[in-house]
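To keep things clear, I will list the structure first and then write my remarks on it.
Every read-out reported here was derived from the displayed coordinates using simple, explicitly stated rules and does not represent laboratory data. Computed from a predicted model, the values in this text were never measured in an experiment. Cβ: placed from backbone, ideal geometry, glycine included. Neighbour counts: every protein chain shown.
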Amino acid sequence: MTPSFSLALTGSGGAGVMTAGQLLLDAAALAGRYGLMARSFGPQIRGGEAAALLRLARRPVECPDDDYDLLVALDWGNIERFADELPLAAGAVIIADPGQGGVPEVIATQAGRIHEIAISQLARDIPGGRPNMVALGIAAALADVPGGAVETRVRQALARHGDESVAAAIACLAAGRAAALEVTGHGDPPSAAPSEDTVDAGAPGPHLDRWVLNGNEATGFGALAAGVRFCAAYPITPATEILEWLAGRLPRVGGRLVQAEDELASINMCIGASFGGVPALTATAGPGLSLMIESLGLAVAAEVPLVVANVMRGGPSTGIPTKSEQTDLNIAVYGLHGEAPHVVVAPTGVGDCAPTAAWAVSLAETLQTPVILLSDQALGQTRTIVDPPGGELARAGRRRYVARHDDSTETYRRYAMTADGISPMSCPGLPGGQYTADGLTHTEHGIPSTRAEDHVGQLDKRRRKLEEYDYGPLWGDLHGAGDIAVITWGSATQPVREACQRAEACGLAVRLVALRLLSPVPASELEAALGGVRACLVVEHNHSGQLYRHLRAWTELPHPTLAWHRPGPLPLRPGEILGALQGLHAQLEAAA
Amino acid sequence: MSAAAVLKPKDYKSATRPVWCPGCGDFGVLNALTKALAGLGLAPEQVAVISGIGCSSRLPAYTSVYGFHGVHGRALPVATGLAVARPELTVIATGGDGDGFSIGGNHFLHACRRNANLTYLIMDNAVYGMTKGQASPTSAPDWAGSKLTPNGPGIAAFRPLEIALSAGAGFIARGFSGDPNGLARQLAEAISYPGFAFLQVLSPCITYRPEQMEYKALVSAGFEPLADRNEAFRRLLTDDGFTTGVLFRAPVAAPAPADARQAAGDEAAALDALAREFTAARLRGDGGYEP
Ligand SMILES: Cc1ncc(C[n+]2csc(CCOP(=O)(O)OP(=O)(O)O)c2C)c(N)n1
Ligand code: SF4
């Protein structure tokens, strides 16, 4: 089990809860903690109610816990909207500002100890003081984040606003901390007696090499590190940060980004750049992926490498753009018309986004195929403290280029039948390598053809290159060795992993298989990983069990294998998955 | 390879036999294009012709340069991606009026605005040839030759030159496939233009619009390149749709997308620096980080 502390800062728009939350998370990172922060907003474009949802721990954590230990409310805005998202733990502490009216029903009826602190009054008492900095002081004290770390972070973040702003903020932090310790009856500030693994805020150490970032930034970085030098962008929540991150960074490594007029254009611009030999990526979400589908089929047929990072959100249609759901596996794998095998991968956590994005680029380039990377809102937009990826991010995957084509007796065969299905590629600029890439069924030379031999031959070739390829150990992550197994993917991996740890702690050993390669299904690896398993649970964050059905289509799963899935918008929590595991175990015991 | 001295128009043709109907106007366009490329002395491997879907979009495979035959309506974005990623190449997008003005119409507007360095050659036959004769955006509202719209499409015809002018294209011309020499000259000018160059080519579909065989009698070389956009609009007020020549040539191409690329320095060092931006150390006050 991961002992951790979860807290929520809520307030209406402009109250600054997101700033306070992020500074707290950053300070925790400086103090050697792990943790994460999700943002929850109301439907307003600007303003409206907002909640910063944090979890801090001394061991790596990459998913929200079952419930919250602390709620700091700057005001009560439309708190009802967050009630579902804010289950409070038994004995949770609720800090309410009496100046903001009584504690609303939805909160008061939950199991928590309510303490009053006049947050806005405390801020008013300090010239230039702001309530969110008082709230930050309160939260830091109760979450046991050393005051020194918070101060260091605040000083740095506010430096450009001048000394007075910094001094006011520091005074607010102190006022908040003192008030929190007083009303909750805690003794000395925890930072006065630091726990053994709390690092002094100023002290350098390996913890300062940790990354503090969200999955969207990590995805952009992984792609860049693996060689992407072109991006065509059309904004869509929750994928836009990938595009914005790349826009600022691509020029620094000699790459370029174009804002396209729509996703029909962005995918085709990527196809054009990649046809020109420049590794390309675009990022989108469900509605945009739907528009790209026809052209993804073109990339399969014309064998053009590219990566689409699809950051999933609640669907169908416009759905819930700001909430997570693992809902696009079906379209990613099966959405293309005709028979168009390609690669679909998914990162298994925020910390895995950079390596998986890099792998996606390398697979696309090696296999000359589109690769769809399925991230989701939870991975993409949760700012998380993670260990940096070890080793080189995949740069091995390079296109197989044809050597200068000198054989004047024969024109270049772009789609030559090869044993491994990969045909050496040419690229504009290379003399003698001219060909016409085509989405029409074609001969080895790329000339349109309706002959059965060409059609079947090229279908076989494109399937062969994906099936014969050795994907290596990255196909999935394995943990544990029980005879009950859980199979999962993407952001569900983290709550599942925690559920397995908790099961283990109660004496129930569970084997975890988190798939990174979703298509083609790594059937033999999966079957080997499930050897000796008595029963299996397939866990995912959607309404219809898309991975379960996908695996049933391509592999033999142990009997029984149960599907456990639930749609968004609420995040998957370890406790409910643990319940499902215990249920499966009880069922097996009863049958035995 | 120095192509200039040696290559003839036929060297820019491939061995693949066109699927076009005998007498199709697109043959003339292919001839004009190969003439233009030979005239400019471009090495075939430095040229890419990008198309969508339609009879006219089959053209790339009939050339010996790099070609891309994509999906219906998306020639311009593919060409834009290539031109932006590989600015040293000569990029020519091509296809039909259905491909470019109907399903791909949005891309046409934005390509005019974006002004990437590429040429867009539309073979306009005012019909969907490949799908056997339906009305296209440039068909007259009363053209009743299609089973799909037996009383004519009934909606105003698309006016490519006006629209290109409004959308900001820097080079706008009209040619005729029955005049390969004149067309080759216009194409050479369009290709040499440092920005987005649009060329509408009247290219008869003798199968579904046999009356277009009369185009020869209707076209007249009347446009003289204007440098003022408003004057070009005025010139179009008296255009019957058959005037050929370069209508508009912006003296200074509108600013192309800014090239923010830095000189290819040490990529590994740049990537290391980017990775450092993520580190907790950055949150302590060594600058460069904004929450
Ligand atoms: C998405 C899609 N819709 C429809 C078609 C069918 N289709 C093929 S070519 C074409 C129209 C071609 O007309 P145009 O672009 O004017 O070229 P032409 O054949 O006249 O040269 C259509 C509608 C298609 N290939 N793809
Ligand atoms: S149908 Fe018309 S456009 Fe198509 S090839 Fe025949 S003549 Fe040309």
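What to note about this one:
- Only residues that are among the aliphatic types (A, V, I, L, M), closer than 20 Å to A:Thr411 by Cβ and away from ligand 1 (no atom under 15 Å from the Cβ) were counted across segment B:34-61, and they come to 6.
- Within segment B:140-151, the set of residues being in a loop (DSSP other than H, G, I, E, B) and closer than 19 Å to B:Gly96 by Cβ comprises B:Ala140, B:Trp143, B:Gly145, B:Leu148.
- B:Thr138 satisfies every condition listed in (1) within 16 Å of ligand 2 (Cβ to nearest atom); (2) out of contact with any Pro (no Cβ under 9 Å at 6 or more places or on another chain); (3) among the β-branched types (Val, Ile, Thr) except (2).
- Verdict on B:Leu148 being within 13 Å of ligand 1 (Cβ to nearest atom), more than 16 Å from B:Gly104 (Cα to Cα) and not hydroxyl-bearing (Ser, Thr, Tyr): yes
- Residues (at positive phi and assigned to a loop (DSSP other than H, G, I, E, B)) located in segment A:446-500: A:Gly446, A:Gly480
- Subset of segment A:501-511 [surrounded by fewer than 24 Cβ atoms within 10 Å (Cβ to Cβ) and part of a strand (DSSP E or B)]: A:Arg511
- Restricting segment B:118-136 to residues that are near ligand 1 (Cβ under 8 Å from one of its atoms) and among the β-branched types (Val, Ile, Thr), the residue that is surrounded by the most Cβ atoms within 10 Å (Cβ to Cβ): B:Val127
- Residue check, B:Val29 within 14 Å of ligand 1 (Cβ to nearest atom), among the β-branched types (Val, Ile, Thr) and more than 26 Å from A:Glu303 (Cβ to Cβ): yes
- Residue count for segment B:86-109, restricted to those that are acidic (Asp, Glu) and either surrounded by fewer than 24 Cβ atoms within 10 Å (Cβ to Cβ) or more than 16 Å from ligand 2 (Cβ to nearest atom) (or both): 1
- Among the strands (runs of 3 or more DSSP E) confined to segment A:244-315, the ones with at least 2 residues that are more than 9 Å from every other protein chain (Cβ to nearest Cβ) and farther than 22 Å from B:Gly70 by Cα are located at A:306-312.
- Any hit, segment A:131-148, residues being free of Cβ contacts under 8 Å to residues at least 12 places away in the same chain and surrounded by fewer than 23 Cβ atoms within 10 Å (Cβ to Cβ): no
- Checked against the criterion of being among the acidic types (Asp, Glu), within 25 Å of A:Ala29 (Cβ to Cβ) and part of a loop (DSSP other than H, G, I, E, B), the candidates A:Glu325, A:Glu392 yield just one match: A:Glu392.
- Residue that is farthest from A:Arg573 (Cα to Cα) [pool: residues in segment A:4-34 that are away from chain B (no Cβ under 11 Å), crowded, with 24+ Cβ neighbours inside 10 Å and not aliphatic (A, V, I, L, M)]: A:Gly11
- Here B:Tyr66 passes the criteria (1) buried (at least 24 other Cβ atoms within 10 Å of the Cβ); (2) more than 8 Å from chain A (Cβ to nearest Cβ); (3) not small (Gly, Ala, Ser) except the one numbered (2).
- Scanning segment B:85-111 for residues that are in a helix (DSSP H, G or I), in contact with a strand residue (DSSP E or B) (Cβ under 7 Å, 6 or more places away or on another chain) and in contact (Cβ under 8 Å) with a residue 24 or more places away in the chain turns up B:Asp97, B:Gly98, B:Gly100, B:Ala111.
- Lone unmet requirement of (1) part of a loop (DSSP other than H, G, I, E, B); (2) more than 10 Å from every other protein chain (Cβ to nearest Cβ); (3) on the phi > 0 side of the Ramachandran plot for B:Pro137: (3)
- Checking each residue of segment B:61-68 against the condition of being of a type in the set (A, V, I, L, M, F, W, C), under 21 Å from A:Cys231 (Cα atoms) and outside any loop (DSSP other than H, G, I, E, B) gives at least one match.
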